[in-house]
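Notes follow the structure.
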Amino acid sequence: MKRTMYLTLVIALVLAGFAASAVSAQDGDAPSVVVMTPWLAQPGTQLMVDAFTEYAAEKGWDVQVIDTAEDISALISRMEDVALQDVDAIVINVDPTQISAGLAAVAEAGIPVFGMDSGTDPLLVANVTSNGYAMAAETATYVVDRLNGEGSVVMFIFEPYPPVQKRGIIAEAIFNNTPDITIVDKITPSFDAGPLEGARNAMEAVLLANPDPGSIDAVWAAWDEPALGALQAIQAAGREEEGIVIVGIDATPQARDAISMGGSFEATVAQDFPGIARQVADLVEAYLGGEEIVQSTYYVPTKLITAANALDE
Amino acid sequence: MTTSPQATDDARSWRGGRVRWARLFRQFGTLIGFIVIVAFFSWQKPDTFMNVRNWVNITQQVSILGVVAATMTIVMVLNDFDLSVGTMASMVGIVAGTLLRDGYMLGVALGLGLLVGAGGGLLNGVLVSYIRISPFVATLGTLTMFNGLALYISGGTTIFGRAIPTALSDFGRGGIYLGIVDGQRITLPYLTIITLVVLIVVWIVLEQTVFGRRLYAIGGNMEAARLGGVRVRMLRLMAFVISGMGAAIAGLMLVSRLASANPTQGDGLMLRAIAAVFLGMTMSEEGEPHVLATMLGVLILGVLANGLTQMQIDTYIQQILTGGIIVLAVTLSSLSRR
């Protein structure tokens with residue numbers, strides 16, 4: 001008897017407390033926007049969500065952030081729940097092909113959905129992201145320019161994952177279009193011990209196969225981890241003085257740190273996460289203001305990161 | 001001084017009544033807690049929570065967890081654990097997804113997926129029952145193996161798009177049309193129906209068969225059961241095979257609901273399934289798991305997630321609250337049993 005009373009009382013009190021805070025947080029007229037993602041623990045997602053929340057506060061919106069801790073099935077469930085709510089817009093950061101059931105439920109409820117570095121899908125009003133082709137072009141042309149259009153390049157690629165695969169295609173086209181650039185090797189690093197270790201081992205093998213100083217002029221990596229692995233291999237082989245140029249993509253904190261040291265790892269590309277968030281917030285505002293959104297994908301310019309700006313945020 | 005026999009009887013029956021009530025509340029405390037939670041959300045969200053559409057929604061949302069928790073109950077009746085169910089569900093999804101991508105027929109892919117589940121369960125059963133490794137260690141090992149296999153087979157990538165036949169993804173979204181309630185089209189989701197079937201089968205197996213009674217006997221006292229002629233090793237093995245198949249069914253349901261197969265998409269199921277069984281165990285006087293009580297645990301988890309989202313409560317707070325309620329229920333139940 002006592003136990004039941006305690007249980008009932010505690011649950012009721014706790015819930016009532018949250019009800020009070022939830023009710024007080026809701027403002028009658030302000031548009032309410034729900035940000036939904038399974039990836040809030042990822043640094044990029046966190047940056048975008050924080051920035052979006054900030055812009056939304058400036059615009060006077062109520063924002064709720066729902067994170068399902070890498071559980072995509074749970075995200076669909078939460079979308080079904082949100083579909084029953086009186087919300088004005090939903091912003092997602094997740095691959096839309098995996099949550100089509102959730103998108104369908106939300107569409108049926110007539111709630112517009114915006115992608116924040118998500119993907120294209122007919123059920124999204126629009127998606128705002130970075131142009132993967134452009135990012136690859138930026139680092140590949142950096143290599144061509146640094147080598148004055150002449151030299152041999154090792155490429156680290158990864159074809160099974162479409163967003164990374166498209167980077168490799170572009171870089172290869174740029175190198176092939178430069179007559180005096182030779183692609184020595186195209187390597188898909190093994191993931192058994194993580195891409196960094198896999199790239200390091202592969203690069204060690206390439207260095208052994210090309211022992212003459214100056215036989216390798218640059219390493220182009222489709223993302224930062226193999227670039228870091230290649231850097232470690234070059235350092236371990238004692239060939240740092242050859243001036244092999246390394247470039248990556250994504251501007252992870254580890255890559256920024258390595259670039260700031262001023263060694264062989266010279267450049268990477270950063271997505272402008274706050275810029276993506278701002279563009280999404282502006283689109284939501286325009287849409288809620290009755291504007292028609294025709295464009296399905298918006299690209300926010302990326303930024304080349306070198307030793308000069310590696311530690312800027 | 002003597003007490004009249006009449007007075008003693010009255011006192012006894014009065015005390016007996018109190019004990020009976022206490023027992024009743026001890027047994028149904030969690031159920032009452034559930035009713036309180038439901039009443040609370042109904043009060044807070046009168047329009048959107050307490051309606052047929054939302055409840056149908058909730059049953060679909062908990063359907064996959066429900067299957068894993070139901071078959072996990074069988075293992076936990078034996079005082080064993082199966083930690084590998086989550087990664088098993090992911091791996092089976094990847095196996096079926098890969099077969100579908102390579103052009104195998106839907107029936108073949110699903111059938112082989114179930115077989116993989118049974119095989120994984122068999123491995124767990126052999127390790128625990130015949131090689132006598134503790135279930136915690138054995139299934140922790142296979143948890144890691146299944147995770148690695150899922151990543152290896154898929155190359156770490158998600159299988160989606162045209163690789164998954166529309167028949168399968170439509171199944172995960174569809175259901176049997178029931179009628180129009182309050183102007184809303186109501187369908188009984190196919191995923192809910194699967195869970196109901198699994199639930200009924202597990203209930204019959206555990207509560208209505210000799211097999212089930214023997215499982216409870218083993219869980220009560222393994223040595224006594226063995227001396228009583230129960231084939232303990234065989235039954236433990238079978239419990240793990242059933243758990244593996246439950247995980248496999250859940251993995252296939254996930255592929256259908258997500259219209260994709262990702263090497264980690266089922267991993268979160270294990271902890272929630274165990275939590276649901278524990279919540280259910282608070283309703284049993286002997287602290288034994290029973291599958292209907294497990295379903296109440298599953299529903300509590302599902303209703304909390306649904307209601308708290310509707311109330312727009314931050315997800316981090318939701319987790320704190322859900323975990324707190326589990327700890328509270330189990331604490332009160334164990335205190336009252338002392």
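What follows draws every value from the coordinates through simple rules; no lab data is involved. Keep in mind that this is a model prediction, so the values were computed, not measured. Every residue, glycine as well, gets a Cβ built from its backbone with ideal geometry; the counts of neighbours run over all protein chains shown.
Using only alpha-carbon positions, what ratio does the radius of gyration of the protein assembly as shown give when scaled by 2.2 N^0.38 Å?
Relative to the 2.2 N^0.38 Å estimate, the protein assembly as shown comes out at 1.12.
Which distance in Å, rounded to a whole number, links the C-alpha centroids of region A:132-183 and region B:157-216?
49
Fewest Cβ neighbours within 10 Å first, please rank A:Asp50, A:Asp250, A:Asp29 accordingly. Kindly include the intermediate steps, with their values, before the conclusion.
Values: A:Asp50 15, A:Asp250 23, A:Asp29 6.
With the fewest neighbours first, A:Asp50, A:Asp250, A:Asp29 line up as A:Asp29, A:Asp50, A:Asp250.
Can you give the FRET efficiency to the nearest 0.05 for B:Asp170 and B:Leu292, using r as the Cβ-Cβ distance and R₀ = 35 Å?
E(calc), rounded to 0.05, equals 0.70.
Taking just the alpha carbons, could you work out the radius of gyration and Dmax for chain B, both in angstroms?
22.3, 91
Taking the Cα centre of chain B as the origin, how large is its charge dipole in debye, to the nearest 20, when only Lys and Arg (+1) and Asp and Glu (-1) carry charge on their Cβ atoms? Can you show the working numbers first?
Numbers: 23 positive and 15 negative charges, 95 e Å.
For chain B, the charge dipole is close to 460 debye.
Mind running the shape call on region B:151-249? Use the C-alpha gyration tensor, a ≥ b ≥ c as the square roots of the eigenvalues: rounded below 1.5 for a/c, prolate if a/b tops b/c, oblate otherwise.
oblate
Region B:182-259: which trypsin sites (Lys or Arg not before Pro) are DSSP loop and have at most 15 other beta-carbon atoms within 10 angstrom?
Numbers: sites: B:Arg185, B:Arg213, B:Arg214, B:Arg226, B:Arg231, B:Arg233, B:Arg236, B:Arg257; in loops: B:Arg231.
Sparse-neighbourhood loop trypsin sites (Lys or Arg not before Pro): B:Arg231.
By count of other Cβ within 10 Å, fewest leading, how are B:Tyr130, B:Tyr190 ordered? Don't skip to the end; give the middle numbers.
Numbers: B:Tyr130 12, B:Tyr190 19.
Lowest to highest Cβ neighbour count: B:Tyr130, B:Tyr190.
Based on the Cβ-Cβ distance from B:Phe28 to A:Thr120, what FRET efficiency comes out when R0 is 35 Å, to the nearest 0.05?
Values: r = 51 Å, r/R0 = 1.47.
In this case the efficiency is close to 0.10.
Can you give the % of DSSP beta bridges in the protein assembly as shown that are antiparallel, to the nearest 5?
25
At A:Ser190 and B:Asp182, where each label point lies 7 Å from the Cα along Cα→Cβ, what is the point-to-point distance in nanometres?
Between A:Ser190 and B:Asp182, the simple spin-label model gives 5.9 nm.
Quick one: P(r) of chain A from all Cα-Cα pairs, 20 Å bins, percents rounded to integers, in order of increasing distance.
Going from the shortest bin to the longest, the percentages are 29, 45, 22, 4, 0.
Please arrange B:Leu335, B:Leu78, B:Leu252 by how many other C-beta atoms lie within 10 Å of their C-beta, fewest to most.
The fewest-first ordering by Cβ neighbours comes to B:Leu335, B:Leu78, B:Leu252.
Hey, rough spin-label estimate for B:Val201 and A:Leu288, points 7 angstrom out along Cα→Cβ, what's it come to in nanometres?
Rounded to a tenth, the inter-label distance reads 4.8 nm.
To the nearest whole number, what is the average tally of beta carbon atoms from other chains within 10 Å of the beta carbons of peptide B:167-175?
Per residue, the number of nearby Cβ atoms from other chains is 1 on average.
Would you work out the Kirkwood radius for region A:113-265? I mean one over the mean of 1/r across all pairs of different Cα atoms, in Å.
15.9
Could you compute the FRET efficiency for B:Met50 and A:Tyr299, with r as their C-beta to C-beta distance and R0 at 35 Å, rounded to 0.05?
After rounding to 0.05, the efficiency reads 0.20.
Let me know the mean shielding of B:152-159 by other chains, meaning the per-residue number of their Cβ atoms within 10 Å of its Cβ.
On the way: counts 2, 0, 1, 5, 4, 4, 6, 0.
If you average over the peptide's residues, the count of other-chain Cβ atoms is 3.
Over all residues in B:313-321, what is the mean tally of Cβ atoms on other chains that come within 10 Å of each residue's Cβ?
5
Using +1 on the beta carbon of Lys and Arg, -1 on that of Asp and Glu, and nothing else charged, what's the dipole of the protein assembly as shown about the Cα centre, debye to 20? Each step should come with its number before you reach the end.
On the way: 36 positive and 59 negative charges, 902 e Å.
It works out to roughly 4340 debye.
Angle between the Cα long axis of helix A:224-236 and the longest principal axis of chain A, 0 to 90 degrees, nearest 10?
With rounding to tens, the tilt is 40 degrees.
Need one word for region A:192-313: rounded, prolate or oblate. Basis is the Cα gyration tensor (sqrt eigenvalues a ≥ b ≥ c); a/c below 1.5 gives rounded, then a/b vs b/c decides.
prolate
Among A:297-304, B:119-126, B:191-198, what's the highest-first ranking by average C-beta atoms within 10 angstrom per residue?
B:119-126, B:191-198, A:297-304
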